[in-house]
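Below: one structure, written as structure tokens.
Derivation of every value follows stated rules applied to the coordinates shown; laboratory data play no part. Computed from a predicted model, the values in this text were never measured in an experiment. Backbone-built Cβ (ideal geometry, glycine too); neighbour counts: all protein chains shown.
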Amino acid sequence: MAKRDYYEVLGVDRDVDADALKKAYRRLAMKNHPDRNPGDAEAEERFKEGKEAYEVLSDPNKRATYDQLGHAGLEGSMGGGGGGGFRDIFDEVFGDIFGGRGGGGPRVYRGADLRYELELSLEEAVFGTTASIDVPSRVRCETCSGSGAKPGTSPETCSTCEGAGQVRVQQGFFSLQQTCPTCRGNGTVIREVCGECRGAGRVVHNRTLSVKVPAGVDIGDRVRHVGRTDIGN
């Protein structure tokens, strides 16, 4: 099915200004929001259609492109994704065996993603809001400065892998590279652990984050904040 004209969807003229555009979208969103029309597939479709139209027409660059080229000019700009290709997949699956990403050195892990489910009122979902949320996250232990070792001591270089974090194992004609069983890939061992973090180097604390929720969110939508993960190593 061909897409309807975005201006027609919102019921506005092509020279509509930003304020009038927002008011038109609010009217449509309030009328067709799924919470007000449970089980009404047509209303849900109109809500999504209005959300898409407003996303384009409220953005000066997208609107200019749409005015000039129509829907065809926006193909590929309404979403996206990507992958690291075969090399990244190979390293992720077989890195422990073949020493992916260039071989030796302690393994480095990025921080885990944090996920939080936020309940919004209908008005907040339609018009947008800024919410403060408390999320438990792992932060660097201040007692040991993240080393995991008891204050006054330091982690020691692993004698098995000599700090590489990986060891080579000969199996027949093949020489395989595996995670060091002694230090578990860290390259160091801790003789006396920190009493605060029990050697982890990280402790759990609640952190308050300010999250801007855009107008027109629907049930199941996600708002992504970059750089707000747990710390890695």
Read phi for every residue in region 203-211 and hand back ³J(HN,Hα) as whole Hz from Karplus 6.51 cos²θ - 1.76 cosθ + 1.60, θ = phi - 60°, with x for Gly and Pro. 10, 8, 9, 7, 10, 8, 10, 9, 10
Starting from the amide H of T129, placed 1.01 Å from N in the peptide plane, find each other amide H under 5 Å away whose residue is 5 or more places distant or on another chain. V213
Unit charges on C-beta of K, R, D, E only; dipole of region 6-74, Debye: 200
Everything considered on the Cα gyration tensor (a ≥ b ≥ c; rounded for a/c under 1.5, else prolate if a/b is larger than b/c, else oblate), region 28-69 must be described as prolate
Of the candidates N37, L57, Y7, the farthest towards the positive dipole end of region 6-74 (Lys/Arg Cβ +1, Asp/Glu Cβ -1, centred on the Cα centre) is N37
So, counting K/R as plus one and D/E as minus one, what does the shell of residues with Cβ under 13 Å around G128 add up to? -1
Set Lys and Arg Cβ to +1 and Asp and Glu Cβ to -1, take the dipole of region 122-217 about its Cα centre, and tell me which of V139, G187, V169 lies farthest positive. V169
Kindly identify region 1-50 as rounded, prolate or oblate by the Cα gyration tensor criterion: order the square roots of the eigenvalues as a ≥ b ≥ c, call it rounded if a/c is under 1.5, otherwise compare a/b with b/c, prolate if a/b is larger, else oblate. oblate
Most to least packed among 142-148, 115-121 [average Cβ atoms within 10 Å]: 142-148, 115-121
